[in-house]
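Bear in mind that the values in this text are calculations on the coordinates, not laboratory data. Since the model is a prediction, treat every value here as computed from it, not as a measurement. All Cβ positions, glycine included, derive from the backbone under ideal geometry; neighbour counts span all protein chains shown.
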Amino acid sequence: MRGWSFLSNYLDAPNGRIWIGWDTNQLVVSLVGQDGQVMHCEVQDCARTWRCYVSIIYSIIPLRKDGCYGLNSLLMLPHVLTNLGC
């Protein structure tokens with residue numbers, strides 16, 4: 001799609017469980033980290049007047065023993081969490 005960019009976690013999950021798409025005329029999205037069950041991104045408007053972090057968690061298996069998915073350092077900033085699990 002013209003003017004859109006996409007990220008996925010295919011490098012860490014053979015089925016590519018998470019896909020993220022955004023309009024590059026509206027947002028700047030930077031991948032902060034990922035693994036087979038989570039993607040962390042920094043999201044800003046193009047004018048860079050605001051930013052937040054978004055973590056998308058795909059959890060079809062029980063939550064990890066540590067339960068944090070690498071969120072400890074990110075949760076000190078404005079953050080949106082979503083779980084795509086069934």
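Sort Tyr10, Tyr58 so the one with the fewest other Cβ atoms within 10 Å of its own Cβ comes first.
Tyr10, Tyr58
Which of Thr49, Thr24 has the fewest other C-beta atoms within 10 Å, and how do the rest follow up to the most?
By the 10 Å Cβ count, ascending: Thr49, Thr24.
Neighbouring Cβ atoms within 10 Å as the yardstick, rank Leu31, Leu7 fewest first.
Leu31, Leu7
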